[in-house]
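Written out below as structure tokens is the structure these notes cover.
The values are calculated or read from the model by the stated rules, or taken from the named source; none is laboratory data. What you see is a predicted model; the values in this text were computed from it and never measured. Please note: Cβ atoms are built from the backbone with ideal geometry, for glycine as well, and neighbour counts cover all protein chains shown. These accessible areas exclude ligands, DNA and RNA; they are computed on the full protein's heavy atoms, side chains included. Shrake-Rupley method; radii C 1.70, N 1.55, O 1.52, S 1.80 Å.
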Amino acid sequence: MIKKSFSATLTLVLCYVFSACLAFMCAFAPTVFRWYFVGYRNLPSVAVTVTVTFYVCVPFAAIALYLLIKTLLRIKKREVLVSENVSAMRGLSWCCVAVCVITGVAGIIYFPFFFIFAASGFFALILRVIKNVFAYAVDVKDENDYTI
Amino acid sequence: MITVNLDVVMAKNKISSLELADKIGITPANLSILKTGKAKAIRFSTLEAICNELKCQPGDILEFKED
């Protein structure tokens, strides 16, 4: 069985790797998308759509990664059922909603974006449910902590 | 709402928070939560220990006031 602390550390490392990937793509997205959609698929108009959509989504991805890393750092400090984590979940959910809306609009121009639209919308819903469970757990913990 | 009059009963018995906390077996921090009315609930065992130590009734410590 994987140790709990190891699991949190592994997730944290993956978040940092994902952040590095995001930074790399921020710097080289036009080149990568031009290479793929113009050079490889011969779809120049799609390259522009994908690049613009990507850059519009980047701030939300960055916020989501920041919230994930902050949450994981709190979990490593054994601060799990705290209101800050509930706020982070709410923020993550709204980031997913934002990406859902952006890709929903972009999907009109380039159909495969609808897959991201559906996935992010579904993930936003899952996060809302987890956020509600967390909020309830925080309430229960508060009540328990304040029972003398 | 329920208000806690523990500080009044403690003053009548001339007992400090540290001393009472030590005698009833809870931390001074928790006793402070109870005294300041931040507590959401109190265990019967804690109430019993307080009443036993301060020689009083639960009604002396807890009071119902209409909002």
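Give the accessible surface of chain A per residue, rounded to a whole number of Å², with probe radius 1.4 Å and ligands, DNA and RNA excluded.
Details: 9420 Å² over 148 residues.
Heavy-atom accessible area per residue stands at 64 Å².
Rounded to the nearest 10 Å², what accessible area does residue A:84 show when all protein chains are kept and the probe is 1.4 Å?
100 Å²
Along the charge dipole of chain B, Cβ charges K/R +1 and D/E -1, which of B:34, B:5, B:17 sits furthest on the positive end?
B:17
When the helices in chain A are scored as -39500 (n - 2.57) per DSSP H run of 4 or longer and the sum is shared across all residues, what 222 nm value do you end up with, to the nearest 500 deg cm²/dmol?
On the way: 4 runs with 123 residues, N = 148.
Calculated at 222 nm, the ellipticity per residue is -30000 deg cm²/dmol.
Any residues in the range A:116-148 that have 30 Å² or more less accessible area with all protein chains than in their chain alone, probe 1.4 Å, and which are they?
Going by heavy-atom accessible area, the residues of the range A:116-148 that drop by at least 30 Å² are A:143, A:146, A:147, A:148.
What FRET efficiency comes out for the pair residue A:74/residue A:119, r = Cβ-Cβ distance, R0 = 41 Å, nearest 0.05? Before the final figure, lay out the partial values.
Numbers: r = 26 Å, r/R0 = 0.65.
Computed FRET efficiency for residue A:74 and residue A:119: 0.95.
Provide a whole-number value for the mean count of partner chain Cβ atoms within 10 Å of the Cβ atoms in peptide B:30-41. Mind dumping the intermediate values first?
Working: counts 4, 1, 1, 4, 2, 1, 0, 0, 2, 5, 8, 5.
Mean partner shielding for this stretch: 3.
Over both sides of the B-A contact, add up the buried accessible area with a 1.4 Å probe and give it to the nearest 100 Å².
Values: alone 4780 and 9840 Å², together 13870 Å².
Approximately 800 Å² gets buried when B meets A.
Counting Lys and Arg as +1 and Asp and Glu as -1, each charge on the Cβ, what is the dipole of chain A about the Cα centre in debye, to the nearest 20? Provide the component values of the computation, followed by the final result.
Values: 13 positive and 6 negative charges, 78 e Å.
In debye, rounded to 20, chain A gives about 380.
Structure shown: which of A:77/B:35; B:38/B:65; A:131/B:38; A:70/B:40; A:76/A:131 lie over 21 Å apart, alpha-carbon to alpha-carbon? Each step should come with its number before you reach the end.
Numbers: A:77/B:35 30 Å; B:38/B:65 16 Å; A:131/B:38 26 Å; A:70/B:40 30 Å; A:76/A:131 19 Å.
The pairs that break the limit, which is 21 Å between Cα atoms, are A:77/B:35; A:131/B:38; A:70/B:40.
Per residue, how much accessible area does chain B show when a 1.4 Å probe rolls over the protein heavy atoms, in square angstrom? Present the calculation step by step, with values, prior to reporting the outcome.
Working: 4440 Å² over 67 residues.
Normalised by residue count, the accessible surface of chain B is 66 Å².
Once Lys and Arg get +1 and Asp and Glu get -1 on their Cβ, which of A:63, A:30, A:18 lies farthest toward the positive end of the dipole of the protein assembly as shown?
Farthest towards the positive pole: A:30.
Can you give me the span-like helices of chain A, meaning DSSP H runs with 15 Å or more of Cα extent along the axis and Kyte-Doolittle mean at or above 1.0? List each step's numbers first, then the result.
On the way: long enough: A:4-33 (40 Å, 1.63); A:44-76 (46 Å, 1.55); A:83-109 (40 Å, 1.35); A:113-145 (46 Å, 0.93).
Those that pass (Cα extent of 15 Å or more, hydropathy at least 1.0) are A:4-33, A:44-76, A:83-109.
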